[in-house]
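Read the figures in this text as sums done on the coordinates, not as results from a lab. All of these numbers come straight from a predicted model, not from anything done at the bench. Please note: Cβ atoms are built from the backbone with ideal geometry, for glycine as well, and neighbour counts cover all protein chains shown.
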């Protein structure tokens with residue numbers, strides 16, 4: 001049985017800058033994830049000019065793009081969005097695993113928080129269900145995580161300066 005999601009208030013964007021990196025593969029789904037992420041950022045008070053979008057071919061390319069974006073030093077957090085749907089071959093496991101591991105490694109090595117908003121589903125219908133309107137949209141959830149991590153890192157930087 002699925003546990004109900006706990007809804008927490010969105011962190012205040014507080015002038016933070018966010019990168020949205022979106023995979024074009026399964027674009028009908030990833031556009032909805034991006035829309036959900038932008039709603040969350042807007043609700044948290046992020047200015048439109050503090051949110052920059054980048055496009056990549058697929059989920060496999062997200063980590064490399066995220067690392068490059070992080071290395072610019074312009075962003076407080078990066079939101080990575082994609083959709084990998086299981087097929088008849090092991091390709092699904094390679095792509096989804098590489099994306100997850102690569103983003104975690106890039107975040108650790110660059111020190112820039114990276115939210116993992118990559119759907120890994122068995123069917124198209126499952127992907128659509130996770131990319132609907134509202135706070136259950138996984139793009140919205142990834143942006144909420146990025147907002148929280150940006151606030152945490154801002155607090156850590158401030159306490160380190162004292």
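The order of 29, 21, going from fewest to most other C-beta atoms within 10 Å of their C-beta, is 29, 21.
222 nm [θ] for the chain, helices only, -39500 (n - 2.57) per DSSP H run of 4+, per residue, to 500? List each step's numbers first, then the result.
On the way: 5 runs with 76 residues, N = 162.
Rounded to the nearest 500, the figure is -15500 deg cm²/dmol.
The label point for residue 52 and the one for residue 133, both projected 7 Å from the Cα toward the Cβ, are 3.2 nm apart. Sorted fewest first by neighbouring Cβ atoms within 10 angstrom, 96, 23 come out as 96, 23. Compute the Cα gyration tensor for the range 35-162, then decide on rounded, prolate or oblate, letting a ≥ b ≥ c be the square roots of its eigenvalues: rounded whenever a/c is under 1.5, prolate when a/b is larger than b/c in the other cases, and oblate in all that remain. Here the range 35-162 falls in the oblate category. Going 7 Å from the Cα of residue 105 in the Cα-to-Cβ direction, what parts of the range 61-83 have a backbone nitrogen less than 11 Å from that spot? Only 63-64 pass the distance filter. Taking a ≥ b ≥ c as the square roots of the eigenvalues of the Cα gyration tensor, an a/c ratio of 1.5 or more together with a/b no larger than b/c marks the range 102-154 as oblate.
When each of the peptides 46-57, 97-108, 78-89 is scored by the mean number of other C-beta atoms lying within 10 Å of its residues, the order from highest to lowest reads 78-89, 97-108, 46-57. Compute the Cα gyration tensor for the range 1-95, then decide on rounded, prolate or oblate, letting a ≥ b ≥ c be the square roots of its eigenvalues: rounded whenever a/c is under 1.5, prolate when a/b is larger than b/c in the other cases, and oblate in all that remain. Oblate is the answer for the range 1-95, as a/c is 1.5 or above yet b/c matches or exceeds a/b.
Once the chain from residue 122 to residue 98 is taken as fully extended at 0.36 nm per residue, the excess over their C-alpha distance is 6.9 nm.
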